[in-house]
Amino acid sequence: RCKGNYVNFYAVYDGSMSAQIVREQEITNEMSSALATGQFQIYLQPKYHIASNLPVGAEALVRWFHPQKGLIPPGDFVPVFERNGFIPKLDYYVWEEVCRLLRKWADEGRELYPISVNISRVDLYNPRLAEMVIELTEKYDLPSELLNLELTESAYTDNPVAMSETMAKLQSKGFTIMMDDFGSGYSSLNILKDISVDVLKIDMRFLSKTKIPGRGENIIASVVRMAKWLHIPVIAEGVETKDQVEFLRSIGCEYVQGFYFAKPMPVEAYADLVEKNGGLSQPVGASFEFNG
Ligand code: C2E
Ligand code: MG
Ligand code: MG
Ligand code: MG
């Protein structure tokens, strides 16, 4: 099962390949050199505290700047890298870029706010995942509070033992674990029952039009209420309109991330934004209070 033969196989049987397989093979052929030549870059999307309208940090989202094809969004290559095994390499690169950036900004004397990174369910198959993250923050001399970790429900469904153990190690060192795309999986409530996430990020599809009008909003309201009972702060993802912001405020959702506030942007633009507007001095959850 030599990799070279695999590539040749597709080169020979070109005519029978679907466009999808060709695209995947192209991506696979190019990924290593793309990483080595700096074609992957991070963008930062601020998260906001609704009540104060101040940023509380950001999420790092990877972008592929391809010399011929231009900007490729992660939805086009992250799933491919999860299938072909490259995602752990790319993710580690992203995490290190974020640490490097935070260290640089710290050295420049800037105010620092937490940045979250995405952890693929595939990353969890690495038994040293937690140690690697811990060692990274130590290498850049950063407190664990500054690097937040986003994991999706599917990671837990996939590999519950690895997820619980990794989370426990990271949380014991002070890292914040955010459950990404909450509600999009098949066992969201089970997950809440079994593992102690620090923050819930509600999947953006609940904010868009649902088959039954109003259902998405009612579900979000219920999740926010439930999360308060569980003492877990909530971030609503994909907020695009003022009406959505007002709705979220009315049901007691404290944090948002979405195009209405800011799109993912180059790191310098984020630094400028924070410099100009300031940010909330407390991280997500610190201002959190249970009131009924
Ligand atoms: P995610 O982690 O749920 O990230 C949020 C996605 O929602 C981002 O898409 C962001 O641009 C988009 N978004 C934010 N606000 C809005 C809005 O108001 N409207 C709409 N329509 N979209 C909004 P993006 O950057 O294309 O990333 C897509 C997914 O790719 C991410 O979803 C995440 O699952 C994955 N991804 C991105 N970067 C990385 C990475 O470094 N590592 C891994 N493993 N996955 C990544
Ligand atoms: Mg995310
Ligand atoms: Mg998400
Ligand atoms: Mg997602």
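The values are calculated or read from the model by the stated rules, or taken from the named source; none is laboratory data. Nothing here was measured: the structure is a model prediction, and the numbers come from that model. Cβ coordinates were reconstructed from backbone atoms using ideal geometry, including for glycine residues, and neighbour counts include every protein chain displayed. Ligands, DNA and RNA are excluded from the accessible area calculation, which covers all protein heavy atoms including side chains. Shrake-Rupley method; radii C 1.70, N 1.55, O 1.52, S 1.80 Å.
Tell me, which strands (runs of 3 or more DSSP E) lie completely within the stretch 136-219 with 1 or more residues that are open to solvent by 30 Å² or more (accessible area, probe 1.4 Å) and modelled with pLDDT of 90 or more?
On the way: elements: 147-152, 177-182, 199-202.
In the stretch 136-219, the matching strands (runs of 3 or more DSSP E) lie at 147-152, 177-182.
The residues in the stretch 57-73 that are open to solvent by less than 30 Å² (accessible area, probe 1.4 Å) and within 16 Å of ligand 3 (Cβ to nearest atom) can be counted, and the count is 5. Of everything in the stretch 173-214 that is within 16 Å of ligand 2 (Cβ to nearest atom) and of a type in the set (Lys, Arg), the residue that is nearest to the chain's Cα centre (by Cα) is LYS201.
Which residue pairs have Cβ atoms closer than 7 Å, lie 6 or more positions apart in sequence or on different chains, and pair a first residue in the stretch 97-124 that is assigned to a helix (DSSP H, G or I) with a second residue that is among the acidic types (Asp, Glu)? Every condition considered, the pairs that remain are ARG103/ASP141; ARG121/ASP158; VAL122/GLU82; ASP123/ASP91.
So which of SER144, SER222 is under 17 Å from PRO114 (Cα atoms) and either without any contact (Cβ under 8 Å) to a residue 12 or more places away in the chain or away from ligand 4 (no atom under 16 Å from the Cβ) (or both)?
On the way: SER222 fails: under 17 Å from PRO114 (Cα atoms).
Exactly one residue qualifies, and that residue is SER144.
Quickly run through the stretch 115-134 and pick out the residues that are more than 14 Å from ligand 1 (Cβ to nearest atom) and out of contact with any Lys or Arg (no Cβ under 9 Å at 6 or more places or on another chain). Steps first, answer last, please.
The initial filter retains those residues of the stretch 115-134 that are more than 14 Å from ligand 1 (Cβ to nearest atom), namely 127-128, 130-132, 134.
Passing the criteria: PRO127, ARG128, MET132.
Which of the residues spanning the stretch 83-96 are free of Cβ contacts under 8 Å to residues at least 60 places away in the same chain and either more than 16 Å from ligand 4 (Cβ to nearest atom) or open to solvent by 50 Å² or more (accessible area, probe 1.4 Å) (or both)? Those that are free of Cβ contacts under 8 Å to residues at least 60 places away in the same chain and either more than 16 Å from ligand 4 (Cβ to nearest atom) or open to solvent by 50 Å² or more (accessible area, probe 1.4 Å) (or both): ARG83, GLY85, PHE86, PRO88, LYS89, TYR92, TYR93, TRP95, GLU96.
Test of understanding: among GLU145, GLU153, which residue is farther than 18 Å from GLU97 by Cβ and within 14 Å of ligand 1 (Cβ to nearest atom)?
On the way: GLU145 fails: within 14 Å of ligand 1 (Cβ to nearest atom).
From the options GLU145, GLU153, the qualifying one is GLU153.
Of the candidates VAL133, VAL98, the single residue that is in contact with a strand residue (DSSP E or B) (Cβ under 6 Å, 6 or more places away or on another chain), under 29 Å from GLU275 (Cα atoms) and of a type in the set (A, V, I, L, M, F, W, C) is VAL98.
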